[in-house]
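Reviewing the structure listed below.
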Amino acid sequence: MAFLELQDIQTHFPVRKGMVIRKVTDVVKAVDGVSLSINQGEILGLVGESGCGKSTLSRTIMQLIPATSGAVVLEDQNLSTLPQSEVRKRRLDFQMIFQDPYASLNPRMTIYSTLAEAINQRHPQLKGQGLNDKIVALMERCGLDQRFMKKYPHEFSGGQRQRIAIARALAPEPKLVIADEPVSALDVSIQSQILNLLLELRKDLGLTMIFISHDLSVVRYIADNIAVMYKGKIVEYGEAEQVFNHAEHAYTQKLLAAIPHIEQSA
Ligand SMILES: Nc1ncnc2c1ncn2[C@@H]1O[C@H](COP(=O)(O)OP(=O)(O)OP(=O)(O)O)[C@@H](O)[C@H]1O
Ligand SMILES: [Mg+2]
């Protein structure tokens, strides 16, 4: 059995019309029958244009929105049928990293408090020196100098803030990390540093990751397997190089054609 199995997942949103009696007039099939399996320690790249359903699929996996039908099975446990209290406990095992770390970090909390709070979700009793040591280790692992501990998010650059957001995601010791466009807002030179950090974390911690992007070249760099999503469905799936070099679906070929090529100058 795979680490994570998505079994024919559909997530639909009702569209309501009318001022008083709000009738359901239509549904948006944001996720429309997705089946995928992800192995322990794998990085799955999920690509597709804006609005194709990538974020909805990740929120469905996280059990933040209910699937209309289908099942999310994590380590043989069907999350879709678990009671809410059990889901809350299980949620520590999966964490998210978002495009805009500034929006996802609390501006009034120092790095220390942000990480302490996240570590305490898993280890509520941990305080004092023990907590401090864990924070220092986590910061170092994510390439942050421990001298920055008492600083606030606004005192950092975009790339460093994303490192803080990654440290916070790792603090509750998750098994699965879903990164939703984590480098899209960063300069190209910083992008590769963050991608390399994620690769290092996978190697050292055996993390399983779903890496979402609209940019196929970024996904190719980091992912073992790539799933191409189009209008709520997976239209192409395979090993990264296979998808990149022998794309079969017309939509994937369109995504490939959109990657800018650097011309060699004489
Ligand atoms: N809460 C909601 N209610 C109604 N429709 C929604 C809701 N959330 C998403 N949608 C619709 O579902 C579709 C998929 O949206 P989603 O945000 O998952 O796409 P995405 O692939 O993440 O796009 P982007 O690359 O822009 O982040 C879109 O048509 C969107 O408008
Ligand atoms: Mg999205």
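Computed values, structure above
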quantity: Pairs with Cβ under 7 Å, 6+ apart, first in the stretch 124-145 and assigned to a loop (DSSP other than H, G, I, E, B), second of a type in the set (S, T, N, Q); calculated: Leu126/Asn120; Leu144/Gln160
quantity: Of all residues making up the stretch 80-123, the number that are of a type in the set (Phe, Trp, Tyr) and either more than 16 Å from Ile178 (Cβ to Cβ) or part of a helix (DSSP H, G or I) (or both); calculated: 2
quantity: Subset of the stretch 222-250 (residues that are surrounded by 18 or more Cβ atoms within 10 Å (Cβ to Cβ) and either part of a helix (DSSP H, G or I) or acidic (Asp, Glu) (or both)); calculated: Ile222, Glu236, Ala240, Val243, Phe244
quantity: Condition met for Glu75 (under 25 Å from Ile61 (Cβ atoms), at pLDDT 95 or above and out of contact with any helix residue (DSSP H, G or I) (no Cβ under 7 Å at 6 or more places or on another chain)); calculated: no
quantity: Residue match in the stretch 203-222 (condition: of a type in the set (Gly, Ala, Ser), within 21 Å of Met62 (Cβ to Cβ) and away from ligand 1 (no atom under 13 Å from the Cβ)); calculated: yes
quantity: Flag if Ala30 is in contact (Cβ under 8 Å) with a residue 12 or more places away in the chain, in contact with a Ser or Thr (Cβ under 8 Å, 6 or more places away or on another chain) and within 16 Å of ligand 2 (Cβ to nearest atom); calculated: yes
quantity: Exclusive hit being within 16 Å of ligand 2 (Cβ to nearest atom) and closer than 29 Å to Arg202 by Cβ, set Gly70, Gly51, Gly41; calculated: Gly51
quantity: Criterion: surrounded by fewer than 18 Cβ atoms within 10 Å (Cβ to Cβ), under 20 Å from the mean Cα position of the chain (by Cα) and within 11 Å of ligand 1 (Cβ to nearest atom) - qualifying residue of Leu57, Leu92, Leu46, Leu64; calculated: Leu64
quantity: Candidate set from the stretch 2-43 (those that are in a loop (DSSP other than H, G, I, E, B) and of a type in the set (D, E, K, R)); member that is farthest from ligand 1 (Cβ to nearest atom); calculated: Glu42
quantity: Residue match in the stretch 239-257 (condition: more than 16 Å from ligand 2 (Cβ to nearest atom), under 20 Å from Gly159 (Cβ atoms) and under 18 Å from the mean Cα position of the chain (by Cα)); calculated: no
quantity: Complete set of residues in the stretch 210-233 that are out of contact with any Phe, Trp or Tyr (no Cβ under 6 Å at 6 or more places or on another chain), within 16 Å of ligand 2 (Cβ to nearest atom) and of a type in the set (A, V, I, L, M, F, W, C); calculated: Ile210, Phe211, Ile212, Leu216, Val218, Val219, Val228, Met229
quantity: Test: residue in the stretch 201-209 that is within 16 Å of ligand 2 (Cβ to nearest atom) and crowded, with 16+ Cβ neighbours inside 10 Å; calculated: no
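The values are calculated or read from the model by the stated rules, or taken from the named source; none is laboratory data. Please read these numbers as outputs of a predicted model, since none were measured by experiment. Please note: Cβ atoms are built from the backbone with ideal geometry, for glycine as well, and neighbour counts cover all protein chains shown.
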